[in-house]
Amino acid sequence: MKKSLVVIMHIAFMVSLFLLSIRVLGLEPYFFEWFYSQNDTASLLGMSTPDLMRATKQLLAYMLDQADSIQSVVIVNNQSTNMFNQKEIDHMGDVLALIRTMRITMFFSITITAILIFTQRTSHSFINLLKQTYGLALGILSGFVGGLTVFAIIDFRSFWIVFHQVLFSNDLWLLDPRTDRLVNMVPLNFFMTLVFSIIVLGIILNIGYAWFIQKLNVKEKT
């Protein structure tokens with residue numbers, strides 16, 4: 001196998017570990033519940049905590065292709081109303097498309113890497129190549145992730161704007177806190193906390209991958 005292909009395989013797998021971190025932290029209700037409790041989000045929205053969590057779980061179910069819509073009916077300031085407006089619904093449709101791409105990328109990258117390592121685990125040349133190319137792949141990815149992290153630390157607002165401008169072809173992500181509940185549910189400080197948590201978890205998972213690569217050895221036949 002060519003050295004360049006193994007480097008790409010390493011990078012794809014390591015990126016997938018960051019995508020897995022997004023799945024674990026950003027698409028499960030416990031992170032949202034913790035943030036809401038820290039920021040008294042339900043009261044700010046004029047809702048009860050059970051209603052807010054029910055709306056959040058509906059939103060997450062949609063993101064995981066387990067529901068057809070993000071919409072739910074809630075009580076706001078003692079009046080029954082739809083949780084989200086059409087602009088929010090349309091924007092989350094764009095987000096769902098990104099998440100589907102993320103899941104496909106993560107699945108194929110992890111699966112192909114696992115199959116290659118399993119089927120070639122008795123090959124001295126492959127295992128040596130795997131170890132030799134890891135450092136190069138790590139250097140490339142570290143430069144990219146490190147640069148993004150520094151950008152986010154220095155000016156997270158600008159980082160978040162550029163992130164949306166790169167990934168979305170429309171301006172539906174420009175939500176108004178006066179009219180759009182979604183931006184009040186998950187304001188900028190929510191995403192700041194989430195992004196840095198994802199980076200930390202992704203680094204931890206990648207340390208585990210580095211340990212695994214270094215421990216790979218071909219057993220000699222007796």
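No value in this document is a laboratory result; all are computed from the given coordinates. In this text, all values refer to a predicted model and were calculated from it rather than measured experimentally.
Among the DSSP helices (H) of the chain, those spanning at least 20 angstrom by Cα along their long axis with an average Kyte-Doolittle hydropathy of 0.5 or more are 3-26, 86-119, 124-154, 188-215; this is a geometric and hydropathy rule only.
I'd like to know how the chain sits against the 2.2 N^0.38 Å rule of thumb: what's its Cα Rg over that expected value?
Details: Rg = 21.0 Å, N = 222, 2.2 N^0.38 = 17.1 Å.
Taking the Cα Rg and dividing by 2.2 N^0.38 Å, one obtains 1.23.
Annotation: extensible slack from Val218 through Val166 equals 14.4 nm (criterion: 0.36 nm per residue apart, minus Cα-Cα distance).
Lysine pairs in the chain whose alpha-carbon atoms fall under 26 angstrom of each other, counting only those eight or more residues apart or on distinct chains, come to 10. The length gained by stretching the chain between Met192 and Glu33 to full extension, at 0.36 nm per residue less their Cα-Cα distance, is 55.6 nm. A straight chain from Gln120 to Leu174 at 0.36 nm per residue would run longer than the Cα-Cα distance by 14.6 nm. Contact order for the chain, expressed relative to its length and based on alpha carbon pairs under 8 Å spaced 6+ residues apart, stands at 32 percent.
Rounded to the nearest angstrom and ordered from largest down, what semi-axes does the equivalent ellipsoid of the stretch 153-222 get from its C-alpha gyration tensor (root of 5λ)?
Numbers: eigenvalues 342, 35, 24 Å².
Listed largest to smallest, the semi-axes of the stretch 153-222 are 41, 13, 11 Å.
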